[in-house]
Amino acid sequence: MKQSSKHPLFTVSIVCIILLLSSNNLFSYISCNGSGSGYEAPPGGKGVGFQNEIESIIIEGSGYYLQGNSYIQTLLNRIELQDINGIDYPGIQELIKKALENITNARLIYEKLVNKAEATPYNQVVIEKLKSFDYETFRQDKRLNDVVFKKLEGYLSVGDITGTFRHVLFVIKEIEKLLISIQTGMDFSRIEPFWKINEMCAELSLFGSYTARIFQSIQQK
């Protein structure tokens with residue numbers, strides 16, 4: 001019974017690890033990439049094409065999130081194997097510390113991103129493309145997760161790109177809170193917090209990936 005109770009965490013962990021490995025060094029290209037094109041670039045703004053200042057902030061935040069998530073996945077691996085390898089408390093404390101440092105930096109960058117986006121006018125050409133986009137056909141053709149995609153559609157279908165950034169920031173804040181709770185409690189007999197943080201990271205990865213897919217699609221039109 002004890003072995004079978006761990007199978008759900010193991011399965012979800014493997015899925016997330018595969019996702020991370022497939023996107024390693026490419027996360028900024030699949031996490032909300034292109035959404036900066038929905039804003040007007042300031043005069044003299046840096047970047048090439050649609051990769052304006054907002055796009056650069058997205059990439060920076062994604063970099064911190066990817067690093068933090070990699071530590072989280074390693075933490076989950078240690079928790080998964082605790083019955084075989086035992087618990088290395090100093091090692092796990094260091095993993096949590098590094099994960100928290102990077103997730104906190106990601107949160108700070110996304111706060112900066114939201115503030116910047118709120119103060120920057122939208123690119124109305126891109127907004128109109130988002131409003132007229134055939135989301136349902138796209139979701140079916142790509143076989144995307146319905147729940148995550150519908151959440152994203154709720155923002156983009158009305159041209160609320162900044163809303164997607166707010167959502168990412170909200171999830172990052174929740175991950176940060178959970179890491180602090182785990183760091184404070186250090187109770188590895190309660191598996192639910194580890195399920196929850198794994199699921200939040202998986203949802204956030206899908207949300208960012210779907211955003212990038214949509215913006216890539218409208219750029220090609």
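Listing for the model above:
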quantity: The stretch 142-181: number of residues that are among the aliphatic types (A, V, I, L, M) and either loosely packed, with under 15 Cβ neighbours inside 10 Å or more than 23 Å from Tyr110 (Cα to Cα) (or both); calculated: 4
quantity: Flag if Leu108 is outside any helix (DSSP H, G or I), of a type outside the set (Val, Ile, Thr), in contact with a Phe, Trp or Tyr (Cβ under 9 Å, 6 or more places away or on another chain) and closer than 24 Å to Ser70 by Cα; calculated: no
quantity: Failed item, numbered, when Leu130 is tested on (1) part of a loop (DSSP other than H, G, I, E, B); (2) surrounded by 16 or more Cβ atoms within 10 Å (Cβ to Cβ); calculated: (1)
quantity: Boolean, Met186 is modelled with pLDDT under 90 and of a type in the set (A, V, I, L, M); calculated: yes
quantity: In the stretch 116-127, the residues that are part of a helix (DSSP H, G or I) and surrounded by 13 or more Cβ atoms within 10 Å (Cβ to Cβ); calculated: Lys116, Ala117, Val126, Ile127
quantity: Selected residue (criterion: farthest from the chain's Cα centre (by Cα)) from residues of the stretch 49-105 that are surrounded by fewer than 17 Cβ atoms within 10 Å (Cβ to Cβ) and outside any helix (DSSP H, G or I); calculated: Gly86
quantity: Residue match in the stretch 56-76 (condition: at pLDDT 60 or above and more than 22 Å from Glu203 (Cβ to Cβ)); calculated: yes
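The values are calculated or read from the model by the stated rules, or taken from the named source; none is laboratory data. In this text, all values refer to a predicted model and were calculated from it rather than measured experimentally. In this analysis, Cβ positions are derived from the backbone assuming ideal geometry, glycine residues included, and neighbour counts consider all displayed protein chains.
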